[in-house]
Amino acid sequence: MHTEALKELLYKIADDLLIIGHRNSEWTGLGPLLEEDIAFSSMAQDKIGQSYVVFQMLNNLGEQAPDTVAFTRNANQFHNCQLVELPNQEYDFSLIRHFLFDTADALRWEMLSHSTYEPLAQLAKKIKGELRYHTMHANTWVKQLGSATEESISRLQNSLNVAMPYALGIFEESPFEDEIISAGIFAGEQELKNRWLKKVEEVINQTQLNLPDLKIITPLVGGRVGKHTEHLQPLLDEMSEVFRIDPTAEW
Amino acid sequence: MQLQLFSILKSLDPRITRLPQVGEVKPKQPLDQLGTFEVFVQAKEGKPFQHEGCVHAPTLEMAYVLAKETFTRRFTCTSIYVVDTRDVFVSPTTEGNQSAYELISSNFQTGSKETYEIYQLAKRGKQHVNVGSVEAGSPKEAMWLAKDLFGAGKMVYNIWAIKKNKIRYTTTEEKDLWNTLPEKKFRDASDYKGGDKLKEFLERQKI
């Protein structure tokens, strides 16, 4: 019953969460202030925890165990969007990416809370609180720095301009789009994109930032079918270093 | 000796400057860096809010966001609230020989009535705990009124009064912030059993 379509959906969700979780965890110990370091690291842990549950769902559908799937695939076998694999750069970029990605992520789970695939609907309800915090955190920072000083505003604006083509890549459609929608598993990437745009505009309009004109931006797609930037493989090498030395190691 | 003590109390270390000072009712002194905001946590429904510490933040709203993760990412929690440190009014502190309420004189200003939340320190080294609220025209009047309502027969070392409308509360809608994946043991350092693993590793090296 729609197994291939479902797996495609689950892999892209799990891979997005694993990769953004790993990227954001790179800020641990380096955050701009102690409280933010704690909050950002904690949200990174949430993402990894959520990806683990989705990898377990895949395991139940006949895929390999979560650790094997997370640590032994090569970059071209990952289905995350390119936005999440980009290096952290400075904090303004990490914040804007967090804002653009988590707005989409929270809406995706909100849509999945009505999924006919029961494990997804249940997980969506369980992580609602975590997602509320992640978007609240992102929105509050963007509103704060997006209206603070000339430097903070121009930094966020530059990052927004750089991130936007990648952010549109979140909504790259799958070959199973019609099947997944008609089966009531997920209402589809186009619907998600429309909701996302509304939310993003709502926050940006409360700042001195300008949303880039989406009509003249070409979305950077490919991530969902294993085409990635040169930044993903080094991330995977680092993330799987311990596992590759000793697959039985516990840490 | 006196001079030495003075220089310690002027330390930038917040653990030292946070020590309450004996004197008149006055706003709590701000710390360094960004402004500070006091964080209060309710561990369970029906329990009183308790002061847990403070966060640095540019605004009250940012303080709320940072406080949530700084103070409640590990333990059960149903609600938090934050307030600008400068909005916390602090009574003189006693050494347990008399209640702090005895040091509040009836010589206070009054004005239009507002709601003040009242907090008591029941023991040195413990946290201030919310005991209820009063309608008063000034922080000192609030403490004066709290004496009969909340202070009777108790040894109270220190009293705080905070205007209710200065507090950033958790809304009913936001309460699901603490409705998260239950399995959070990976956040406790003890769950990694680092010592045990090191011991095992060293045992293996011997063989």
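The values are calculated or read from the model by the stated rules, or taken from the named source; none is laboratory data. Keep in mind that what you see is a predicted model, and the values were worked out from it rather than measured. We place every Cβ from the backbone using ideal geometry, glycine too, and count neighbours over all the protein chains shown.
Tally the residues that are modelled with pLDDT under 95 and either outside any helix (DSSP H, G or I) or among the hydrophobic types (A, V, I, L, M, F, W, C) (or both), restricting the search to the range A:131-173.
Qualifying residue count, the range A:131-173: 2.
Across the range A:93-130, which residue is surrounded by the fewest Cβ atoms within 10 Å (Cβ to Cβ) among those that are part of a loop (DSSP other than H, G, I, E, B) and away from every other protein chain (no Cβ under 14 Å)?
My answer is A:THR116.
Among the residues of the range B:151-173, which ones are among the hydroxyl-bearing types (Ser, Thr, Tyr) and within 19 Å of the chain's Cα centre (by Cα)?
B:TYR157, B:TYR169, B:THR170
Does the range B:116-134 contain at least one residue that is closer than 20 Å to B:LYS26 by Cβ and part of a loop (DSSP other than H, G, I, E, B)? Break it down stepwise before answering.
Within the range B:116-134, the first condition is being closer than 20 Å to B:LYS26 by Cβ, and the residues that meet it are B:116-121, B:128, B:134.
Among the residues that remain, those that are also part of a loop (DSSP other than H, G, I, E, B) are: B:128.
There is at least one residue in the range B:116-134 that is closer than 20 Å to B:LYS26 by Cβ and part of a loop (DSSP other than H, G, I, E, B).
Suppose we filter the range A:1-34 for residues that are of a type in the set (A, V, I, L, M, F, W, C), assigned to a helix (DSSP H, G or I) and over 17 Å from the mean Cα position of the chain (by Cα); how many remain?
So the count comes out to 3.
Can you tell me which residue within the range A:58-87, out of those that are hydrophobic (A, V, I, L, M, F, W, C) and not in a helix (DSSP H, G or I), is surrounded by the most Cβ atoms within 10 Å (Cβ to Cβ)?
Looking at the filtered set, the residue picked out is A:CYS81.
So how many residues does the range B:29-42 have that are out of contact with any Asp or Glu (no Cβ under 8 Å at 6 or more places or on another chain), away from chain A (no Cβ under 14 Å) and either surrounded by 16 or more Cβ atoms within 10 Å (Cβ to Cβ) or at pLDDT 95 or above (or both)?
1
Evaluate the range A:36-57: report whether one residue or more is in contact (Cβ under 8 Å) with a residue 40 or more places away in the chain, more than 13 Å from chain B (Cβ to nearest Cβ) and either aliphatic (A, V, I, L, M) or out of contact with any strand residue (DSSP E or B) (no Cβ under 6 Å at 6 or more places or on another chain) (or both).
yes
Consider the range A:225-251. How many of its residues are over 17 Å from the mean Cα position of the chain (by Cα), in a loop (DSSP other than H, G, I, E, B) and surrounded by 15 or more Cβ atoms within 10 Å (Cβ to Cβ)?
Within the range A:225-251, residues that are over 17 Å from the mean Cα position of the chain (by Cα), in a loop (DSSP other than H, G, I, E, B) and surrounded by 15 or more Cβ atoms within 10 Å (Cβ to Cβ) number 1.
Report yes if B:THR76 is facing chain A (nearest Cβ under 10 Å) and either part of a strand (DSSP E or B) or among the β-branched types (Val, Ile, Thr) (or both), otherwise no.
no
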